[in-house]
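The structure appears right after this line, and notes come after that.
Only the coordinates and a few stated rules stand behind these numbers; no lab work does. All values reported here derive from a predicted model rather than from experimental measurement. A quick note on method: Cβ atoms are made from the backbone with ideal geometry, for glycine too, and the neighbour counts reach across all protein chains shown.
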Amino acid sequence: MLLTSAFLIPCSLFKLQKMWSLTDISSAIHNWLNQTFNPTWALIIEMVIAGIAVIGLFAVLGLVLVLMERRVAAWMQIRLGPNRVGPFGLMQSMADTLKLLVKEGMTPDGADKFLFNLAPFIAMMVAMLLMAPIAFAKGFQLWDMNIGVLYISAVSSIMVISILMAGWASNNKYSLMGAMRSGAQIVSYELSAGLSILTIVVLTGSLNITDIINAQADGWWVFKGHIPVIISFVIFIIAVTAETNRAPFDLAEAESELTAGFHTEYSGMKFALFFLAEYINVFIVCAIGATLFLGGWMPFHIGHWEAFNHAMDYIPSSVWFFGKTFFLIFVIMWFRWTFPRLRIDQLLNLEWKYLLPISMFNLLLATAVAILGIFKLYTCL
């Protein structure tokens, strides 16, 4: 009886893993399309399905993250949070979305209408482009390019254009001041974030996202990378929190100073796009952090503990990825309700006087580790 149970449990876990495998689902769709249509139409339909899936993911993430933000805020402030609309307040995000959809989108007098209307769409387009190289599960990736890390760094820098465009086109002094602050903030903190990412690239020896994940099969970089990776991880979390204009670095939309910052004049669906883009960007930077430092979809493995590692492999790779990503999102939301907002001079001093020099020295240390060998260097020390 015990032997039968011991055999059935792994079989059940294996079936569950196969059922939830995004790789198998995507492979089945790919094979069916190629058997049913000619290669050209199959490729076109696959691209349409991928686009619809990304838009659907955006919608779900927006609803989930807004509700999560409110729940975390309520937990930090010892109150209930949303609890009226739907069971346990789960429909509150849907109600807010419906409210924004039916509101009239106003364009202020004197605004540059073309740029004013274009800015929120650019913000969403950048977020969609950043989804391409992210590996949501083993073998489940929109585009497995060999310069994935470089692509992410390049595309993410475009986001500042939409913010500057929105601030300037609004014909509002508060919007323009918020946009200028955001531009200075993003350009500054991109340097530290980029140098933190380069630490992982140097240790892995590749810009490919899949190679970086596979390099963590025997342990995540945050655990096996010693001091350089731990420093990079801390700096990365601080830098991306500033890049996404999250508190305590939300100087671009400081309500007490600038009303609502660069989106003061936006309402209705255009405001909803900016609002959604902010949360999607938080998800993307946390997904990148989880991929580079916490192994992405790679399960938690410990050295030569074969039995333990084998048990961890039964958990679907998508569960590992989303679990790590939402843990980092929780950390960033935790920052918002823990630290007071910095002044603009404190914000820039933190970057240029502390984070950037530490990042540069840390990259040199990581390069030494990669050249000499991790254990050789630490043996010499």
Taking Lys and Arg as +1 and Asp and Glu as -1, residues besides ALA154 with C-beta under 15 Å from its C-beta add up to -2
Would you mind telling me which residue in VAL149, VAL240, VAL331 has the biggest mean-square fluctuation in a Gaussian network model of the chain, where springs connect alpha carbons within a distance under 10 angstrom? VAL331
Please list, in order, the residues from the range 134-174 whose amide nitrogen is less than 11 Å from a point placed 7 Å along the Cα→Cβ vector of ILE344. 174
Quick check: residue separation of ASN83 and HIS310 times 0.36 nm, minus the Cα distance between them. What number comes out in nm? 77.6 nm
At a Cα cut-off below 14 Å, give the aspartates and glutamates reachable from LYS113, other chains included and same-chain residues fewer than 8 away excluded. GLU265
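Please order ILE49, ILE235 by the number of other Cβ within 10 Å, starting at the fewest.
ILE49, ILE235
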Structure shown: which of LYS173/LYS353; LYS224/LYS324; LYS224/LYS353 lie over 21 Å apart, alpha-carbon to alpha-carbon? LYS173/LYS353; LYS224/LYS353
Reachable aspartates and glutamates, given that their alpha-carbon falls under 15 Å from the alpha-carbon of LYS138 and they are not under 8 places away in the same chain: ASP24, ASP211, ASP313
Would you mind ranking ILE231, ILE212, ILE78 so that the residue whose beta carbon has the fewest other beta carbons within 10 Å leads the list? ILE78, ILE231, ILE212
With a length cut of 30 Å (Cα positions projected on each helix's long axis) and a Kyte-Doolittle mean of at least -1.0, go through the chain and give me the DSSP H helices that pass. 39-76, 173-204, 268-293
Have a look at ILE344, TRP305, LEU142 and report the one farthest towards the positive end of the charge dipole of the chain, computed about the Cα centre with Cβ charges (Lys/Arg +1, Asp/Glu -1). TRP305
Which residue fluctuates most in the GNM of the chain (Cα springs below 10 Å): LEU65, LEU90, LEU355? LEU90
